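These notes are about the structure you will find just below.
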Amino acid sequence: MIVMKFGGTSVESAAAIERVAGIVRSRFDLQPLVVVSAMGKTTNRLLAAGDKAAAGNLGDALRDIEDLRAFHRREAGAAIPKENHPIMETVLDNNFEQLEQTLQQIADAGQLTPALWDEISSYGERLSSALVALAFPGFGIPAVHLDARTVLITDSRHTQALPLYSRTYARFKEKAVPLLQGRVAVMGGFIGATPDGITTTLGRGGSDFSAAIAGAGIEAEEIQIWTDVDGMLTCDPRVLSGGHLVKRISFAEAAELAYFGAKVLHPSTVQPAIEKNIPVRILNSRRPEVGGTLIVAETVPSANAIKSIACKQSITVVEVRSLRMLMAHGFLRRIFEVFDRYKTPVDMVTTSEVCVALTIDQTHALGEIEAELSRIAEVTIVRDQAIICVVGDALRDTAGLGARIFGALRHVNIRMISQGASFNNVSFVVDGPDLVPAVQALHTGFFTEIDPQVFQ
Ligand code: ADP
Ligand code: ASP
Ligand code: MG
């Protein structure tokens, strides 16, 4: 058994669904459990409609939803064989009727509560999985729809729920494994449900995580993440083109890259895979012949000391300075309590005797945080910063790498530096406009020559 996860762009149109069907058919003997994301930009469009309903524009929201229905009917309808069209109409009617009710509830509440956020954003995967399952038979693949909410059981932390692992694995064994005898099961990523059946989601980009949970649940031989790039590249293609494909990378390296912005993999994906030691492969659904990136448990030796450069843009640095607190205990605790109270995750931290600098990427409560911190210290907020993270297991024990990294960056002003506690990364903060030249300089410094065993 294997898990094959296809992201939003991989199922965005009839032609894309046909490509997916070709890929799945050619691996039918491996007994795939298919996990799909919402079609194209559906999740964003659902959330935009939810925002409109919450703001009192229910009419606008309902019109947007009609466009979304037409989009699903047109694209999925062109991939679904005629004999399945009556079932497709039922699927559309049922989902859009419930979706309208959800919009009405949001309008009544006057806000998108976390539970309603999960409810509205779940329809993308509910639709895509049911529709792709109806399309597969037309391409010669016997298929069945598996509602993720009956197997992926989570806690009730809406918008970022975590699986209740033992229950979830038991459900996958009991419900999913039997479906895979002679058929492909198609399940939506991203969504789950509490033990009481309330819909939850695993957070944006969470379908990769769903695929890994499913893989661990059915004890798959491999978890495949099919996307719109050839695999993990040596740099973020949205920041710098010309990156090389990383053919093999360790779980530890992949996790660090994902955490620091390599969107190609959701940061939680590797955890269930590590636990059950299941290899993860990233592949391109538009170029299935490319070998992709294989993520494995052990360190991958390479002549290149680093494997890839990740980055996060639009980062805010909060600097907290207090002479009064010099040498006093409890200063750090008081600072972190403030971020905790406003549910704002801190990514990077550096400290000196009297100053603590932290980075955050969620600024919804920045005003309140600044006000509270100002009661105990002097606070400076620096916006439009970027984190760059250089990752490689060899960073642990290669002398002189620091000199090479900062030599490459000799023309760039660096605000914060941190050698990650995991030892396989060095991260630093630069001004937003310096991001591209900094990544370019590092990439030239480390990847002008590549080890053909590891890169392509
Ligand atoms: P999907 O919809 O298939 O889940 P995502 O958009 O979530 O796809 O992730 C794929 C995208 O990740 C790529 O199109 C690319 O822009 C981005 N990305 C960021 N960093 C990297 C990297 N180091 N290697 C490859 N892709 C990356
Ligand atoms: N559809 C969800 C999102 O857009 C989950 C995913 O694509 O992984 O965030
Ligand atoms: Mg993704």
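Read-outs: derived from the displayed coordinates by stated rules, not from any lab. All values reported here derive from a predicted model rather than from experimental measurement. We place every Cβ from the backbone using ideal geometry, glycine too, and count neighbours over all the protein chains shown.
The calculated Kirkwood hydrodynamic radius for the stretch 159-211 is 12.0 Å, given to one decimal from all distinct C-alpha pairs.
Dipole magnitude for the chain: computed about the Cα centre from +1 point charges on Lys and Arg Cβ and -1 point charges on Asp and Glu Cβ, it is near 460 debye. Between the residues Gly445, Ala16, Val430, the greatest Cα displacement towards the positive end of the dipole of the chain, with unit charges on the Cβ of Lys, Arg, Asp and Glu, is found for Gly445.
Residue separation times 0.36 nm, minus the C-alpha to C-alpha distance between Ala78 and Thr398: what's the value? Don't jump to the answer; show the numbers that get you there.
Values: separation 320, 0.36 × 320 = 115.20 nm, distance 5.49 nm.
Difference between extended and current length: 109.7 nm.
Let a ≥ b ≥ c be the square roots of the eigenvalues of the Cα gyration tensor of the stretch 185-241; is it rounded (a/c under 1.5), or, if not, prolate (a/b larger than b/c) or oblate? Because a/c hits 1.5 or more and a/b fails to exceed b/c, the stretch 185-241 counts as oblate.
Can you check how the C-alpha radius of gyration of the chain compares to 2.2 N^0.38 Å, as a plain ratio? Walk me through the numbers before you get to the answer.
Numbers: Rg = 23.3 Å, N = 456, 2.2 N^0.38 = 22.5 Å.
That ratio works out to 1.03.
The Cα center of the stretch 421-456 and the Cα center of the stretch 298-356 differ in position by 20 Å. Loop-resident trypsin sites (Lys or Arg not before Pro) (DSSP state other than H, G, I, E or B) in the stretch 208-317 with no more than 12 further Cβ atoms inside 10 Å of their Cβ: Arg238.
Test of understanding: what is the full-extension gain from Phe423 to Val349, defined as 0.36 nm times their sequence separation minus their Cα-Cα distance?
On the way: separation 74, 0.36 × 74 = 26.64 nm, distance 1.51 nm.
Extra length from Phe423 to Val349 when fully extended: 25.1 nm.
Full extension of the chain segment joining Ile414 with Asn94 gains 109.8 nm, where the gain is 0.36 nm per residue of separation less the Cα-Cα distance.
Label separation (Asp51 vs Phe28): 4.4 nm, computed from points 7 Å beyond Cα along the C-beta direction.
I'd like the FRET efficiency for Glu174 and Arg333, computed as 1/(1 + (r/R0)^6) with the beta carbon distance as r and R0 of 56 Å, rounded to 0.05.
Working: r = 45 Å, r/R0 = 0.80.
Using R0 = 56 Å, I get an efficiency of 0.80.
At 222 nm, what value in deg cm²/dmol follows for the chain if DSSP H runs of at least 4 each add -39500 (n - 2.57) and the sum is divided by all its residues, to the nearest 500?
Numbers: 13 runs with 171 residues, N = 456.
-12000 deg cm²/dmol, from helical runs alone.
Judged by the gyration tensor of its Cα atoms, with axes a ≥ b ≥ c, the stretch 182-327 is oblate; a/c meets the 1.5 cut and b/c is at least as large as a/b.
Only Lys, Arg, Asp and Glu carry charge here, each on its Cβ (+1 for the first two, -1 for the last two); on that basis the stretch 360-456 has a dipole of about 260 debye about its Cα centre. Placing pseudo-labels 7 Å out from each Cα toward the beta carbon at Arg324 and Lys276 gives an inter-label distance of 5.4 nm. Each label point was placed 7 Å from the Cα along the Cα-to-Cβ direction; for Thr363 and Ser166 their separation is 4.5 nm. Can you give me the C-alpha center-to-center distance between the stretch 119-185 and the stretch 209-251, rounded to a whole angstrom? The stretch 119-185 and the stretch 209-251 have Cα centres separated by 21 Å.
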